[in-house]
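Report on the structure given below.
The values are calculated or read from the model by the stated rules, or taken from the named source; none is laboratory data. All values derive from a computational prediction rather than experimental measurement. Glycine gets a Cβ as well: all are built from the backbone with ideal geometry, and neighbour counts include every protein chain shown.
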């Protein structure tokens, strides 16, 4: 029996990057070997065991053969006769198919170290096309290593495009789509993830709702989407915030140029069809609530925020209530960050500097601070009870906001 360190730990070591998890492959062993030593068995399709002390994953060397559709459509052989090379052959990319033995010798049957030096993401074999999740993984790896100069090998990208055409992406479990997307959103260049999926035409299969929104915005500028405004927005946001919810919300800052200078805007972007579609989108892909809520708020109130200094004090307060700002004041800062980057991006695209300069980024934060200054305890001390408390609180917040705005 032999044990090898494999996958991302070896790859990151060779790249000089931090290592978060150690994954091990075991050759020449059976499940009983681990069970007798109190390892915990996880995974339904093939045996992976968690070390009783370190909790690191130990997987039996295995081969896979396509037997159905989607991510789980494989028959697995994990007999003790499977060799290390056979196990590495089933992996996705050459850079992920390097092993290190207990003597720190590297075993690299598919020239992964060479591709690391070349900064190339290259598939190992035609079997790559059997797993549609690998399309997302390659896009995610490119986002993760883009700052180091990595590219996708031409033959690998052609294969990815072919995989998209087969439409097997529709068989991916929504949860797995989200988990890859979540990992991509934590990288230095998350926009590269979506850019890659856009280039291979996978976005309209994986995220049809996003595809629809991006293509229905800026109706008066047909060439605008080609310039990837939304992805540039995400790129700029990612330079100043590593929060997934803020990064993702930047993709939903939908703005029609014809409404930019229209001060007579409704309280929100009340297109119920779009809101309904987006809610289904977030539910379908199992988005966590904190990501979903900020994106929906940004989408719904983007027009309102762009012209907030022209709204009534009552409407501004209703906006604060709607987004739960009193319970979560940090959401105001999230909106301010998104506004600032959006306006910066917008000015780089259009001759609108004179118009867009009327948007006061600081007004949102200042108005919230003023409204927040009203003392609830004082209202209680004055004897207000029940619904009278919230009514009086709203009334006083309107008053202080109006007073401040008259001098602003």
- [ ] Report yes if residue 130 is touching a strand residue (DSSP E or B) at 6+ places or on another chain (Cβ under 8 Å), modelled with pLDDT under 95 and over 23 Å from residue 199 (Cβ atoms), otherwise no.
- [x] no
TODO: Go through (1) more than 22 Å from the chain's Cα centre (by Cα); (2) surrounded by fewer than 16 Cβ atoms within 10 Å (Cβ to Cβ); (3) on the phi < 0 side of the Ramachandran plot one by one and return the number of the condition residue 163 breaks.
DONE: (2)
Task: The lone exception for residue 351 - which of (1) assigned to a loop (DSSP other than H, G, I, E, B); (2) at pLDDT 95 or above it fails - done: (2)
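Taking the condition without any contact (Cβ under 8 Å) to a residue 24 or more places away in the chain and either surrounded by fewer than 18 Cβ atoms within 10 Å (Cβ to Cβ) or under 23 Å from residue 235 (Cβ atoms) (or both), does residue 154 pass? Talk me through it step by step, then tell me what you get.
Details: without any contact (Cβ under 8 Å) to a residue 24 or more places away in the chain: yes; either surrounded by fewer than 18 Cβ atoms within 10 Å (Cβ to Cβ) or under 23 Å from residue 235 (Cβ atoms) (or both): yes.
In short, yes.
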- [ ] State whether one or more residues within segment 42-53 are out of contact with any helix residue (DSSP H, G or I) (no Cβ under 8 Å at 6 or more places or on another chain), surrounded by 13 or more Cβ atoms within 10 Å (Cβ to Cβ), modelled with pLDDT under 90 and closer than 29 Å to residue 121 by Cβ.
- [x] yes
- [ ] Could you tell me whether any residue of segment 168-180 is within 18 Å of the chain's Cα centre (by Cα), surrounded by 18 or more Cβ atoms within 10 Å (Cβ to Cβ) and under 22 Å from residue 14 (Cβ atoms)?
- [x] no
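Residue 100 - would you say it is outside the structural domain of residue 180 (by TED's automatic domain parsing), within 30 Å of the chain's Cα centre (by Cα), surrounded by 12 or more Cβ atoms within 10 Å (Cβ to Cβ) and modelled with pLDDT of 90 or more? Quick ask: steps written out before the conclusion?
Working: outside the structural domain of residue 180 (by TED's automatic domain parsing): yes; within 30 Å of the chain's Cα centre (by Cα): no; surrounded by 12 or more Cβ atoms within 10 Å (Cβ to Cβ): yes; modelled with pLDDT of 90 or more: yes.
No; evaluated as a whole, the condition is false for this residue.
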TODO: Tell me the helices (runs of 4 or more DSSP H) entirely within segment 153-207 that contain at least 1 residues that are in contact with a strand residue (DSSP E or B) (Cβ under 6 Å, 6 or more places away or on another chain).
DONE: 154-165
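For segment 279-324, how many residues meet the condition of being assigned to a loop (DSSP other than H, G, I, E, B), farther than 21 Å from residue 343 by Cβ and within 24 Å of the chain's Cα centre (by Cα)? Working first, answer last.
Taking segment 279-324 and keeping what is assigned to a loop (DSSP other than H, G, I, E, B), we get 285-288, 307, 311-312, 323-324.
Now restrict to residues that are farther than 21 Å from residue 343 by Cβ: 285-288, 312, 324.
Narrowing further to those that are within 24 Å of the chain's Cα centre (by Cα): 285-288, 324.
The number of residues fulfilling the criteria is 5.
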